[in-house]
Every structure is written in C-alpha cells, then in structure tokens.
Number of protein chains: 2
Amino acid sequence: MTAPARAELLRALTDPASVAIVGASDNPAKLQARPMDFLRRHGFRGAVHPVNPGRETVAGARAYPLVSAIPEPVDHAYLLVGAEAAESALSDCASAGVKVVSLLADGFAEAGPEGRARQDRLAALAAEAGILLIGPNSTGVVATHSGFSCTTNAAFRLDALRRGRLAVLSQSGSLIGTLLSRGEARGRGFSTLISVGNEAGAGVGQLGSLLLDDPHTDAFLLFLETIRDREALAEFARAAHAQGKPVVAYMIGASEEGQALSVSHTGALTGSSAACAALLRGLGIRQAEQFETLLDAPPALARARLPAARPRQVTVVSTTGGGGAMLIDQMAARGARIAGPGDAARAKLQAQAIPMGHGKLVDVTLAGTNYATMKEVVSTLAADPETGLLLVCIGSSAQFQPDLAVKPIVDAVAEAPEGAAPVIAFPLPEATDALAMLEAGGVPTFRSVEVCAETAAMLLAPCAPAPVPDGPLPPRAAALLDRAPAGVMDELDAGEVFAALGAPRPRQALFDLDLPIVDPGLGWPVVAKLVSADLPHKTEAGAIRVGVPDLPALRTAAAEMRAAARAHAPGARLRGLLAQEMRRGLGEAIVGVSRDPLAGPVVTVGQGGVLTEIYRDAAVRPAPVTVEIAREMLAEVRGFALLRGFRGAPAGDLEALARLVADVSRIALHPRVEEAEINPVLVGTDGVVLLDALVRLG
Amino acid sequence: MTAPARAELLRALTDPASVAIVGASDNPAKLQARPMDFLRRHGFRGAVHPVNPGRETVAGARAYPLVSAIPEPVDHAYLLVGAEAAESALSDCASAGVKVVSLLADGFAEAGPEGRARQDRLAALAAEAGILLIGPNSTGVVATHSGFSCTTNAAFRLDALRRGRLAVLSQSGSLIGTLLSRGEARGRGFSTLISVGNEAGAGVGQLGSLLLDDPHTDAFLLFLETIRDREALAEFARAAHAQGKPVVAYMIGASEEGQALSVSHTGALTGSSAACAALLRGLGIRQAEQFETLLDAPPALARARLPAARPRQVTVVSTTGGGGAMLIDQMAARGARIAGPGDAARAKLQAQAIPMGHGKLVDVTLAGTNYATMKEVVSTLAADPETGLLLVCIGSSAQFQPDLAVKPIVDAVAEAPEGAAPVIAFPLPEATDALAMLEAGGVPTFRSVEVCAETAAMLLAPCAPAPVPDGPLPPRAAALLDRAPAGVMDELDAGEVFAALGAPRPRQALFDLDLPIVDPGLGWPVVAKLVSADLPHKTEAGAIRVGVPDLPALRTAAAEMRAAARAHAPGARLRGLLAQEMRRGLGEAIVGVSRDPLAGPVVTVGQGGVLTEIYRDAAVRPAPVTVEIAREMLAEVRGFALLRGFRGAPAGDLEALARLVADVSRIALHPRVEEAEINPVLVGTDGVVLLDALVRLG
C-alpha cells in the first residue's frame, strides 16, 4: 500500500468524515442505540448516518434504507445487523465505496462449520472490494482524539472520554470496557481502542501496523485469546520496535482450562501456551503475567527508558523498610538485579547525615521523610552511575502529606540532567492524589506490588525482535528433502539431511547385507545397527548392538540382528548394516523442530528423557534461530547445569550445541518438514555429535 | 493464665481504662504528638495521661514526670522515648503496675550486639514485672471498637476509623498504614492492628492467642518478615483453627534478596523460605502470594465457607466471555478445579432459554445481562450440587447499571437456602459502588484478577493444622541416641537408629577384621563395605565393593579394601567389614531431617541426586509427620512420577516410602539430633530399604 493510501485508510479507521450505522435504533434499551449515543456524547465531528430501512429518522438524524443510498461518500460503516443480513449489508457497503467496515454480529467461526463458511464468504467479499473488515464479533472502533466512539460497548457511557497515547487491540470486546474503566481510575487515557473480534479480515497485526502511523499512539496493549495471523503480527511487532513503540500483550491460556475456553468462546484455537509465549518473545512483544500490568507497563516502557550507558539493575529508595523490602523481594523473584548506591553517592548522602539504612535498600525512614532529604536522595541516586532504574517507595506520607515525599520526586525528575536513570514510584497506601501528581510529573506509578515488580523487571530486561538468520536452507539439505517421499525418513536419510545442515555425525560405514562385511575403518569397538524405516524401535527389534569389539563380532552381530529383525517384523525392509564409531560424552540433549498451529515453526531444546517432560525444562523459540538466540536458549534449560561444570565437573561444549541448534533449526525453512528431531545429541567436552535423528515430511 | 486474667489483659491491650503516653509532645510536627492527637480524633473513651518531666501540660492535658506519679492505675503505656531512656521508663511502668507497654524506639536487636543486649535486658525486666511488652520498634496498638488508636503511624490521621472484624499483626509498622489505607479504599475495616516490632516480649503468636478472645475479631492478617517464636505461633494457629477464625500471612523472603533485607532492616534472621512456608502450612496458616490477597482473602475465608457436602470445585458465571475465561485460566493455573453446571441445572436454565455458552463457563452474554436472568442463574447454580463455589464475573454493567447484574447476585444470595454454595464476585471494570453493594450483601469481592483467583483457590483447598503424631521416640532409638557421642555417627550406628525407628534395612552381617570371614548367610552376591566413621566417602577410599559373588571373593575384597583404606587414610579407625544383601529397586529417594533456625525441625523428601537440587523438587514439612502428611509430601514431588507407574512402567511402593518418611521424621523429637539423612532409600515394587544413612548429634 502506498503511504497516501495508508494515511487515507488510517483516517477512515480513526477519524472518518462520515460513518454509517447500519441497523441503528433510538430505543435506549437496545444495543443498537449505543453507537449514535456515544458518538454524540464524545463529540465526534464527522457526519453520522443511521441506516434502517423501516425508519425515516433515527435519534433525530435522517435514516437511509441502504448505505449506498447515502448521498455523500461514506468512509466507515458499523454493521449492527444479524449474521444472516451481514453479507448483503457488506455488499451494499462495497457498492457504496466504504473503506472500513466493522461488524458486531456473532454466529460466525465460533458457531461451527456453517458459521465458518459464512465468515469465509464475508472475508472474500471484503478482500475483493478492498474493504478493511473488522470483526465479526466486534464491539467497534474508538479513537479518542476525534471523538469517534463507534462502539456498542456499555463502558463508553462515561461522561468524558479521556485522551491518551495508548492503543488497545483486543480479541475480547468486553475487556476493552475493563481496560477503559480501570484506565480511567488510574488516570490513563487511550488513543484508539479496537475490538478485533474474529479477525475475519483485518487482525491485530494489520491494524497494529496501520496504527503505527497514528501520531497519537506511543504504545500498544494487546488482549489475546489466540494468534490468527502470525506473519502480520510479526510485521507489526518489528516495525513497532523500530519506531520505539512498546507492545505489551496479555494472553489467556496459562492453564489447559484457559486454553479450552478460548476455543469455546470466540472460535479461537489456542495452541500450546509455551509456543505462543516463544513467538511473542521472539517478536519483541512483552507478555504481561498480571492483568493490570497491561495498563501500567506500556506507559512506563514508553517513558522510562534506560539510557544505554546505564547498568540493567534497579536501586530502591524507601521511606518505609517493610515496603521497600517487599518490592525488592518481588523484583528479585522476577529476575531483576538489585543494586545499592555507589560509593560516591553513599558518601555524598552520608556527609549530609541522611539516613540510608543497611544493605542495598536505601531506607531514609521517617527521619528522612521530608522534601529536602527526599529530593537530595532521588537526585543523587538518579545520577549515580550504579543506578539503572530508580524505584521510590513512599509510605503513609503519600496519602496525607504528598509535599514531604512525593513532590520532591517530581521536582528531582524535572531537574534531572540528560542521561539520568529513569525514576518510577510506588506509593504503599491508596493515594490517588499522589499517583496523579507523579504521573503528571512524568513518573510512572503502580498500585499493586506485583505489577510494579513485573514492570520494573520488564524495564530492565532487553526486549527486541530476534534477528532472523540469513540465507536459505543449504542446497544439499533442500535437495534431499525435496526428493524424499512423504512420511518418516529412515535414520540414515534423516542423518544425511542433518549432516547437510551442519550437524556433526559419528564416522560411519553402510554395508549391503548381501555382500561381505569388511573392516569399516572406524577403529574398534563400533556400534552396529540395521537401517530400516520399518523398525523405528531398534532395541525391541534386536536391531542394534553397542560395543562390537572386532570384525568377526561385527559379522556375527549382522547375522544375528538380521534374524532377530526378521522374527520381530517379518516384512520389514532392511536397507543395510550401519557401523558407527563409539562416542562418549558428558551428557545428552534433544533438539526438535515442529509446527505449532498458532505460533508456527518452533525449535525446542532440552535434556531429553522423562525428566525433561516431568519438569517441563525446555527452551522454545520460533525457528529458525541464530546462534546468539540458541545460546540464550541453552542458558534457560536448568538441567544443562550438569553440562555447565556443575560442582567442579568438566563442562560440556555448549557452544557447539548452540551452533547445532542454530544449524538444525533451519530445517523449518523447508515447507514439507512437519517435524524433525535429533534425539539424542551427545555433548562432549569438545564438540557434539548426533546419535539418532528423525524427520517427518508432509 | 486464668480466663479472668486473660480477659483483663485483653482489656488493657485493646480497651484500657487509662493510658500513659511517655514522651508525649504537642508539637504537631513531631511524631510524639501523634498518639494523643489520634486517640482524641478517634474517640477513645479512656483516660489519656501525657508523661513528660519538662512540661506541666501537653496538648491541654496535665502532664506527669513519671508514670508512677499518675494518681490512678494505668493499664497501658506507650513509650516514645529513645532507646537509652527505655529501660528506666519500663522500670517506672513496672513500679506503677502497668499491664501492657508498647515501645517505639529503635536501636535494639537490629542495631548490633549492644542493642541486642539492651533488648534482652528490657525483655527480662518486662517478664519479671509481668508486663506484656510490645516492641521495641512498635508503631503502637489500635483497637477500632474502643477508639484506642495509640499509634505514631501517620496513616491514622484519617478522619474516621472504620470498624471491622479483621485483626492485623505486623512485624512492619509502616505496612499497617498500607493495610489501613488500602482497606479503607476497599471498604474493609479492622478490629485491632498491632505493630509487633522486634517482639522482645509478646510476639505474633502470643498476641494472636490473646486476640482470639476478642469478640470483635473474625480473622487474622499477619505481615511477617521472620518467625521468632514458632511455639507461640503454633499455639495461636491451632486455637484459631479450632475457633474457625482464618489466619492469612504475607511473608517477605520469596527471593534471596528479600531474605537478606529482612536481616538488615528489622534485625530478623530469615531462614529458608521453603522451611517457613512448610511451617505456616503445617500450622494451617494460609500464605498469600499477592499482597492484596492479605486484604481480600481473610474476609472471604471467614464468610464464604464451603459446606462439607459440596465438591471442592468452582463454577463460573460471566456476563462477558473474555473476563470469565481470564478468571478460569488464572484459577486453574493455581490448582483450582473448574466445574460446569450439572445436567439438571443446565436443563432448568435451557428451558428458560437462558444463554449459557459452550464449555464449562456459563456465559450469559449481554443478552442475559438483566435482573431476572442473572438472579435465576445465580440461584440455580448456587443450589446445583455440582457447584462448590460460585464465582460471578460482571462486565461493564457493574459500573453503570448495577441493577442489571449486581443487585440480582445480592438478592439471590439473600434468598439462598441453607447449604447453598457460597458466592463470590468479580466486577471487571473499576466499580466502587458495585463492590460496596456486593460486600454489604455478604458477597466477597476482589479488584484484581490474580487476587480473586488466589482467594478462590484458597477457598477450595482444605487448610488445617497438620495432626501431630502421637507418642515419644521409640525407646531403643532414644537410648542409642542418648549414649552416642557428639558428631557424625558411622553408617552402622546410624543404620541402627533408623532401624529402631522402623526403617527397613538390607539383611547384613558385621565381621571383625581380625577374625576369619565366614559365609554371612545372605545369599550371593553381596555388597561389602568397611565400617568407619573416619571414611565418609567410601568409594574414594576404595572401601566398598558391589556384587561380590562368593566367599573367596569376599575374603579377597576384605583384604584389598583394608589395604586401600590404609593407603587412602592411614589413621582411619576400621570398625569391621559389613556384608549386606544386594537389593534392586525401581528408583531411589532421599529423606532428611534438619533444623531450620526459624521454622525448627523439618523433614524433607525428594528423589535425591543433582536433579533434585537443580529443580528444587522436594517436599518439606515440620517434623515429625504422620503417614497421611507423608503421603501428601510424596504426591508433591514431581520426580516421583517415575515411581507412580509412569507410562505403564511398574509402580514403586510409595506407601512403604510414606511410612518410612513418617517413621524417620520422629528422629526430630530427640533434641541432640542436628541432622539426619537416609540417602538413598531404595524404592521397590514391594517395600523400601535404607542403603546409606547419616546422623549428626550436637
């Protein structure tokens, strides 16, 4: 899309010159009366045209039988009609040249195959007509800067719509009301709020990308029940990061019950939450654990950026020991590094006889709860090179005497030089005025201990879209995969593919079972196996021997294994005898690539074995990954402590394992690969080697 | 203490006839002016006597130079003097016959050895005089029913002190202000709030026990940084449970940083958070993860009790799919079992064409957001035998139209028959009026998703003090421990002790190394070891052989091991040669007993080995435990999945392991045992057997 076309579409979405409300009513008890009420209430400056074939006027405005009967161009239409009437209403919009259509009705993909087909027809119609379709199941679109509150959401009944710089994209319409109402209580306004519904046409990604051009928006809040278009989401997330606009998502599905519900209530198909979390993280989208983090983190992330020169750690000042300790405890539990004042800052404060307490927490106590002391402490610590982020916890004075400990924070921040550490604040009591004073002074605030701690951890943790590895699949691997038949590849072919991707294999030799077996030249002992796609479980089939000491033993083993395999699976095709050098390592790993229905191709690495499953100790990322990301993954697997030189034991070659993970993750680039796995990889002190492998092609 | 004496002490604590404020000031800028201000402000009906030797009057009241100079008996004194003057002030209180003294000053145990000594002297003085001493470092005592706001905490500057039925005992004084202020915003009042400070005299347990007699208190909130007197805490917790008064604690120390801070800022010595969590749980004290759970859970636990006949599961009704799904997700993630309507209830609602959605969530949608539907749904589901707890999530209507979906909940609850399921509610928007309406109607409410989910999980999970196992240490075990010297017992002696406690050992025979070795009569092969308290690492010392096939080999092994041990540790005393039958099992476990500095004796069970450490996969309880509790512990260890018949593998005898855990946990009853461990225990399909053991005596 050209830039002018994008600008035009954004205007039609958030600031249309005219809007049609199809199915509008003026019965205040009816949902269909709400959009016209809210548009007037919040001062929408464009034209509003009710469309209702049975009426001359609706709510005092002239009503039209069809959108195409409206005598002026219509930018945006909100369809309040039922599912059956939606198709003809959309056709009518197409013939009227409407640019954006949102659709309230349910009864589509969430309502079974018939609804699914109806939704597909709508989407095709919109695509053909070049209409940006929002919904179905959308409670509408609101943009506060233009007063465009084109929504059926009862939460917009409030008297005045606060403006703000946060955009909301939500798969749940009702949650928009929750965010609006809770945001209002926190003094947080929004720029745009869109209920994306079933995303039959435009989804979170496409709408997000469009809103990146919106000069009223600094940060994005996503409420997700599923991921429907990961390519569009990726494009949006990468562009948002490039523009420095943080994106924070809350996603339902922490539990299996939650996953099941997402299916039942909006037609979403929720995949594994680990794969979705990996996708969001890989895109540089931060995931909120606590619901209110969705409200408090985005403005903090947009305002309290750590200068690059500052360490990624937090210093805490408190007027109350218990409160400061509670915050430090919660931040540390979320992985934040806690710092104390540097020597120079400490000396400077001590010289002024300012109480600081013991340990890392700077506890000024009641004795230091006064304007001069607090301002000095905040100024000194924000300038201290040891400070990355400065969190100020304020006790009871925040409620009744904000001049003592709240105003000095605001003043110190206002006077802070370029490059000072960002300051955030947590008043322990319920202190609405203090929160407002701090926010007005540009100091992000929180009203829950855990949300404060979670946001502080987000501010400290780098979050960027993962780099996409360069280049295509190596040609030899691509050729092997291209010509292989569908189904499971045998060990030898799978091993060839992984070797072509760069995975080290043990030295090996393949013998035709009908020809004499000679010394494979691998040294002795060797491992001997029968190669067969029909014998997936070699041990049970008697088709593997470890530690074969010499050539006569290898010949005997070949004959015995052949007999055992015949007895076990009479029809099994035997491709040959594979002899491999015996390798020893310090431990094993498993590396797999699979395709999640929502999150797409992912690579997983863990220790392998039942304990990995029991402890769910594996790292997941969208595939392919670079070697830097692979290193990050290995650092996450707790069980690899055993390969990191646990208690003086020798360390495994995790660098070689990281290269292996990066190399084999590229197999995801081949569209026919449904799953691929190396299980196990042997990890030695110097290098890794693939011991068994599997590839399944579609 | 006799019942009348307790009643008298409770009166002096919360409703004294007269109070002395020692060090009172009338300079409003000074902390020392606050108690008299707050006592007057909140209508305290007793006499208030300022004590200040330099003044005739303070704040219009006659001042005395000493407490003992006050012409009427004084029940309660609050000492606002510094640490140095505290001892003489306390002596003065003793001579005046004061019953309760609270002390503001810091500079005691938290300030090093000198302060520690000063604190010990104060405590001794109070004990001798029979004074209930609160503090030092106490911001005072408040009882709302009597207006006794004898505190320096600025949070009590509010105009009116709301009454309520929750008692607060806090080791952090400032957190009392936080709870008061946040409670006020939630419409929650308190009965009594005590800042226990350093607990030199009365601590959380003793004060809690005293307040159990308070007719104004239904539930207890504890804010803990440490545990100082676990015996008193246990007595309180057991009595509270017997009276049906829930106790909820928030404890700092989730992270190591938090643990370190507790040390630095109040003189607390924080032990391992796992041991403290085990202690609280073992006492039937619920631990809050989220800070605001401390405010919301206790009233819910006091009011929304599950009738015994109802299943421990929650049914969710929602007017908004997204909100209901979010709550279900969070509750399930905290282990709550989610239920849907029973067949009869579903049929009844369907017959009335009430929308219910798909799946377990009863989503009445906007179409069902009206008084009649909501009342019918809540009444029907509260009566449904499938419902254990009923959670109602209300969308935007809660904010602007509480008559639609909030009032019907209150009315349905008011009309609910005896035995109906308790109802709790979560309004998604910021809806202060709806919260107040629901709370007034006896429906517990929440303002955070996570706090609601955590409290619902608490309501469903049984929580009672663990039964204390009957009887003393078995006499033979006691005798063995009594006569053993301090230090580490050798394997043979430790094994004897555990055998006397009931732990199965392999059959074994001990040979004098200077006499001929004969067939031990254990069958072959056997395990052979040298017994020596000086050879703790037998493998390194060459002092163990596994799979010894016959008598000649045993004789050879004995000679070789002796030579190896001599070479390894020339001075080691060798007690003999131990031959044991070879046993095989399905897996191993480790069982240990140790003493935590705060939580006291605990028993720990896990799989053993490095993975248990890496994954911190062990269950901990105060020792000793009954076999029922031991079973509960085994169910918590994830790694024991391998012994539970994982994927069709044979199951280990976990019942025998539970008996072993219960039996050996009794070793904690012997005061000289500092630590004891069986590592490993071999777990077979039929029984368990101790393979190696250690006991360390003080």
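Just so you know, all these numbers are worked out from the coordinates, no wet-lab data involved. Quick caveat: nothing in here was measured; it's all calculated off a predicted structure. Note that we place each Cβ from the backbone using ideal geometry, even for glycine, and neighbour counts take in every protein chain shown.
Just a few scattered comments:
- Using a 7 Å projection from Cα along Cα-to-Cβ, the label point at A:Gly471 is separated from the same position in the remaining copies by 7.3 nm, smallest value first.
- Share of pairwise Cα separations in region B:3-253, more than 23 Å, in percent: 45
- Surrounding net charge for B:Ser532, when Lys and Arg each add one and Asp and Glu each subtract one, Cβ distance under 14 Å: -1
- Pairwise FRET efficiency - B:Leu513 versus A:Val518, Cβ, R0 = 51 Å, nearest 0.05: 0.35
- Summed side-chain charge close to A:Ser273 - residues other than A:Ser273 whose Cβ falls under 14 Å, Lys, Arg +1, Asp, Glu -1: -4
- Applying the criteria of a DSSP loop state and at most 11 other Cβ atoms within 10 Å to the trypsin sites (Lys or Arg not before Pro) of region A:89-123 yields no site.
- Efficiency of FRET between A:Arg483 and A:Glu613 - r from beta-carbon atoms, R0 30 angstrom, step 0.05: 0.30
- Inter-copy label distances for B:Arg507: 5.3 nm (label point placed 7 Å from Cα along Cα→Cβ; shortest first).
- In loop segments of region B:601-698 as defined by DSSP, the trypsin sites (Lys or Arg not before Pro) with at most 11 further C-beta atoms inside 10 Å of their C-beta are B:Arg616.
- Sorted on the mean count of surrounding Cβ atoms within 10 Å across their residues, most packed first, peptides B:63-71, A:452-460, A:329-337 read A:452-460, A:329-337, B:63-71.
- A:Thr57 versus A:Gln352: modelled label distance in nm, points set 7 Å from Cα along the beta carbon direction: 6.8
- Closest approach to the axis - chain B beta-carbon, rotation onto A, Å: B:Tyr615, 2
- Ascending distances from the A:Asp550 label point to its copies in the other chains, with the point 7 Å along the Cα-to-beta-carbon line: 2.8 nm.
- A simple spin-label model places pseudo-atoms 7 Å from Cα toward Cβ; at B:Val546 and B:Cys463 they are separated by 4.5 nm.
- Cα gyration tensor, the protein assembly as shown - rounded (a/c under 1.5), prolate or oblate: oblate
- Within region B:199-215, backbone nitrogen closer than 19 Å to the virtual label 7 Å beyond the Cα of B:Arg45 toward Cβ: B:214-215
- Computed [θ] at 222 nm, deg cm²/dmol, the protein assembly as shown (DSSP H ≥ 4; -39,500 (n - 2.57); rounded to nearest 500): -11000 deg cm²/dmol
- For region B:507-582, the residue among B:Leu513, B:Thr539, B:Thr556 whose Cα projects farthest onto the positive side of the dipole built from Cβ charges is B:Thr539.
- 23 Å Cα-Cα reach of A:Lys30 towards lysines, excluding residues that sit fewer than 8 places from it in its own chain: B:Lys375, B:Lys407
- Cα shape, region B:609-658, gyration tensor, a/c 1.5 rule: oblate
- The ranking of B:Glu8, B:Glu114 by Cβ neighbour count inside 10 Å, starting from the fewest, reads B:Glu114, B:Glu8.
- Close amide-amide hydrogen proximity is noted between A:Gly164 and A:Phe190, A:Ser191, each under 5 Å apart and 5 or more residues distant or on a separate chain (H modeled in the peptide plane; Pro and chain starts excluded).
- Using the Cβ-Cβ distance between A:Ala117 and B:Ala367 with R0 set to 25 Å, the FRET efficiency works out to roughly 0.55.
- Rough spin-label spacing in nm, given labels placed 7 Å along Cα→Cβ, for A:Ala3 and B:Arg647: 5.8
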